[in-house]
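The values are calculated or read from the model by the stated rules, or taken from the named source; none is laboratory data. The model shown is predicted, which means the values in this text are computed figures rather than measured ones. Neighbour counts are summed over all protein chains in view; Cβ atoms, including those assigned to glycine, are modelled from backbone coordinates with ideal geometry. Note: accessible area is taken over every heavy atom of the protein model, side chains too, but ligands, DNA and RNA are not part of it. Shrake-Rupley method; radii C 1.70, N 1.55, O 1.52, S 1.80 Å.
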Amino acid sequence: MIGWDPFSHPLILLRAPPPLADSRPISESKFGKSAVLGVLDRFTRPLLRLVDPEDAHSLALAALRLAPLPRPSADDARLAVTAFGLTFPNPIGVAPGLDKNALVPDALLRLGFGFVEVGTVTPRPQQGNPRPRVFRLQADQAIVNRLGFNSEGLDAVLPRLAARAGSGGIVGVNLGANKDSPDRGADYVTLIAALAPVVSYFAVNVSSPNTPGLRDLQQSGVFDELTARVVEARERVRARAGPTPVLIKIAPDLTLGELDDIVGVARRRRVDGMIVGNTTLARPPWLREQTIAQEAGGLSGRPLFALATRMLAETFVRVEDAFPLIGVGGIDSGPTAVAKMRAGARLVQLYSALVFRGLGLITEIKQALMEALHRGGHQALDELVGVDAPAMTAEPWLQ
Ligand SMILES: Cc1cc2nc3c(=O)[nH]c(=O)nc-3n(C[C@H](O)[C@H](O)[C@H](O)COP(=O)(O)O)c2cc1C
C-alpha cells in the first residue's frame, strides 16, 4: 500500500523549522479599507478558538454567509497568473476542505482570494468519521483531521454551483469517491459529467489519508487507468461544457519512485496540472503538541511546509514544464508563499494558517509577492516559478 514509509523519508522531516518570525494573528491594519473584514476577523477568531474546531468552522462559514462583504479592490496586474487556460487575478487560492459543500465560494472570493477550490464532494452524501475528528495543535500552528470526506453529496452541491456559475471568479471543485463505492473510478466520472458545466476546474483527489484505500489509487497501474477514465470523461462533456481542466492532487508522503511513476502517467495522459499536496501521515519528531499529534489523521499547517515544498520541487523537476503545479501545505506568511512559488508552484493554496493567522494573511502574501517581483526586477510572477527547484532537489533525501 502507498503510505508513509519510515525508511525512505526525506531528511527534511527531522529538521525543526526555524523559530517563527511572527506567528501572531495579523493586525487589522492589513485589511486596508475593509473595516468589515477587520472587525469580523479580530472579534471572531479569539472566540472561535474556545469552541470545538469543527463547531468553530461551522460558525465561521455561517459568518461568511451573512457578512456584508465589500467587493475587494482590484489586484495589481502583475499578480495575475495564467494556468490551464484560466487567468487568475492573483495566485492565492483557498484549499479544499474549508468549503466542502460550496456554501460560500463567492464570499471567499470577496476576501481577496484569486480562486476557490470547493469540496471534497462525493457523488452520494456521507457522514464521514465519528466526531471529534479535527484537532488543533496550537503550539505548532497545525491541524490534524480525519474528517473522512463528510459531504452533502452531488445533488446538494450541484445546484449551489449552478446558481453562481455566471457570476465570474474561478471556482474549482475537488472530487472524491464514496467510502463504500464498489468502483471508485466511476465516482469521479459521475462527478465530472455532472459538474463540468458549472466549475472552472476539477481536482481529482487520490490523496486524502482518511478514506481507507484511497491513496492506493496513486499506484501506477491503477493510477494510469483512473487518469485515462477521468480525462476521457472530461472529453465526453467538452462539447457542452468546454475544456474543463483536470488536475490531480497527490500526497506529500509518496516515495520518489512513486512520484516518478505518477508524473510519468500524468504527462502521458495529458492531465492539465497537479496539486502538491494533501495532508501528511508523518509526525515530525520535533512537534510540540505530542499528545494531540498522536490522533489519527492528516497533519496540515506549519509543520507540513518543508515536506510539501520539497515534494513540490521534486514534482516540478520531473514535470519539465509539461503542465503547471499548485503548491499547498504550510503556507503561513508572505515569505512561505514566495518560497512555494520559487519551489515550483504557479499557484498556491492555503487553509490551516487562516485559522491561526487570520484573513490579513491574504494581503500580507500579496504584498510579499509584489516585493519579490520588485526585488528580482521581474515583470511577472511566472519568472519566479521553480527557480529554487534544482538546488532543493540536489539535497539528500534518504536518512
Ligand atoms: C480540516 C481540513 C479538512 C480538509 N479537507 C480536505 C478535503 O476535503 N479535500 C482535500 O483535497 N483536502 C482537504 N484538506 C487538505 C487541504 O486542502 C490542504 O491540502 C492541507 O491542509 C495543506 O494545506 P495547509 O497546510 O495550508 O492547511 C483538508 C485540510 C483540513 C485542515
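Taking Cα centre as origin and charging only the Cβ of basic (Lys, Arg, +1) and acidic (Asp, Glu, -1) residues, the dipole magnitude of the chain rounds to 780 debye. In angstrom, the C-alpha Rg and Dmax of the stretch 260-331 are 14.3, 44.
Once you charge only the Cβ atoms, +1 for Lys and Arg and -1 for Asp and Glu, what is the size of the charge dipole of the stretch 144-283 about its Cα centre, to the nearest 20 debye? Don't jump to the answer; show the numbers that get you there.
On the way: 17 positive and 15 negative charges, 87 e Å.
It comes to approximately 420 debye.
Taking the Cα centre of the stretch 335-395 as origin and charging only Cβ (+1 Lys, Arg; -1 Asp, Glu), how large is the dipole, in debye to the nearest 20?
On the way: 6 positive and 6 negative charges, 34 e Å.
In total the dipole reaches around 160 debye.
Using heavy-atom solvent-accessible surface (probe 1.4 Å) with all chains present, what is the largest-first order of 9, 374? Intermediate results must be reported in sequence, preceding the final value.
Values: 9 20, 374 155 Å².
My answer, sorted largest first, is 374, 9.
Taking every DSSP beta bridge that has both ends in the chain, the antiparallel portion is near 30%. Farthest toward the positive end of the dipole of the chain, out of 265, 370, 57, is the Cα of 57, where the dipole comes from beta carbon charges about the Cα centre. Each 5 Å bin, from zero up to the one with the longest distance, holds this percent of the alpha carbon pairs of the stretch 42-166: 2, 9, 15, 20, 21, 16, 12, 5, 1, 0.
Ordering 168, 69, 286 by Cα displacement along the dipole of the chain toward the positive end leaves 69 in first place; charges were set at the Cβ atoms of Lys, Arg (+1) and Asp, Glu (-1).
Structure remark: mean-square fluctuation, Gaussian network model of the chain, C-alpha springs under 10 Å; the largest value among 349, 294, 126 belongs to 294. Using the Cβ-Cβ distance between residue 78 and residue 180 with R0 set to 51 Å, the FRET efficiency works out to roughly 0.60.
For the set 65, 136, the ranking by accessible area, highest first and with no ligand, DNA or RNA atoms included, is 65, 136 under a 1.4 Å probe. Using a probe of 1.4 Å on the protein chains alone, the accessible area found for residue 359 is around 30 Å². Counting protein heavy atoms only, the stretch 109-226 has 53 percent of its accessible area on carbon and sulfur, 1.4 angstrom probe. Of the beta bridges in the stretch 164-301, as assigned by DSSP with both residues counted there, near 10 percent are antiparallel.
Annotation: peptides 303-312, 360-369, ranked by per-residue average of other Cβ atoms within 10 Å with the highest first, follow the order 303-312, 360-369. Peptide packing for 238-245, 138-145, 165-172 was compared via the average number of neighbouring C-beta atoms within 10 Å per residue; ordered from the highest value, the list is 138-145, 165-172, 238-245. Solvent exposure of the stretch 131-188, expressed per residue, is 37 Å² of accessible area, with all protein chains present and a 1.4 angstrom probe. In the chain, the DSSP-assigned H stretches of four residues or longer account for a calculated mean residue ellipticity at 222 nm of -11500 deg cm²/dmol, using -39500 (n - 2.57) per stretch and the full residue count as denominator.
With q set to 0.06, 0.11, 0.13 Å⁻¹, the log10 of I(q)/I(0) for the chain, from the Debye formula over equal scatterers at the Cα positions, is -0.20, -0.74, -1.09.
Kirkwood Rh, the stretch 270-387, all Cα pairs: how many Å?
With all distinct Cα pairs of the stretch 270-387 included, I get 14.9 Å.
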